[in-house]
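Worksheet: one structure, shown below.
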């Protein structure tokens, strides 16, 4: 009985001796596993924090860029509006200056309107007086030629030229007279009317000059016949 109990104690001591290293190993293994798990958790936490910081920095950058863009757009729009306002103001000022200049010119024109019309009328009258004078000279020359009973070879051609130039001059004078009474400062185009009148006056002067030349040629022709008579 004592031998059996002793064997039991020996066996139990042997088992306890064998179990101690295993428990120690398990404890060491458990401790290492816990340490490794904590390290992985810290790394994951640090990674998440870094990712969060990067995301926050990115959002902050985007927000600042968007704010800068909006500020630039606002300043550009403000500059555009300011420039447009200045252009509009300059345009209005120019229009006012044009209107004032137009009003001043109209006032000056109206002050001279009667004088202008009188001057235009006198130009037409002077043209008609010249026609009457040239016509009287031509008639006296023709009468003188007929009274002398001499023959001038180109007499009929000279007379025809005188009559043709007289008709042209009369038409030009009539045109000047008719346009001289239409000048009005408040008409649609008073400047155009004045320009047209000047053109008509020039045409009248040219026609009168040609008429005078035709009369002069007639006089020279008739005188040439009388000179031949005197030499005989």
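The values are calculated or read from the model by the stated rules, or taken from the named source; none is laboratory data. Everything numeric here is computed off the predicted structure, so don't read it as measured data. Please note: Cβ atoms are built from the backbone with ideal geometry, for glycine as well, and neighbour counts cover all protein chains shown.
Residue by residue, here is whether (1) in contact with a strand residue (DSSP E or B) (Cβ under 6 Å, 6 or more places away or on another chain); (2) in a helix (DSSP H, G or I); (3) closer than 14 Å to residue 208 by Cβ; (4) touching a residue at least 60 places away in the same chain (Cβ under 8 Å) holds:
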site: 138; (1), (2), (3), (4): no, yes, yes, yes
site: 151; (1), (2), (3), (4): no, no, no, yes
site: 159; (1), (2), (3), (4): no, yes, no, no
site: 170; (1), (2), (3), (4): no, yes, yes, no
site: 176; (1), (2), (3), (4): no, yes, yes, no
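Selection of first residues in the stretch 195-222 that are touching a residue at least 60 places away in the same chain (Cβ under 8 Å) and of second residues that are not in a helix (DSSP H, G or I), restricted to Cβ pairs under 8 Å at least 6 apart or on distinct chains, gives the following pairs, ordered by first then second residue: 197/180; 197/183; 221/152; 221/154; 222/152. The residues on offer are 121, 68, and the sole one that is at pLDDT 80 or above, assigned to a helix (DSSP H, G or I) and within 30 Å of residue 189 (Cβ to Cβ) is 121.
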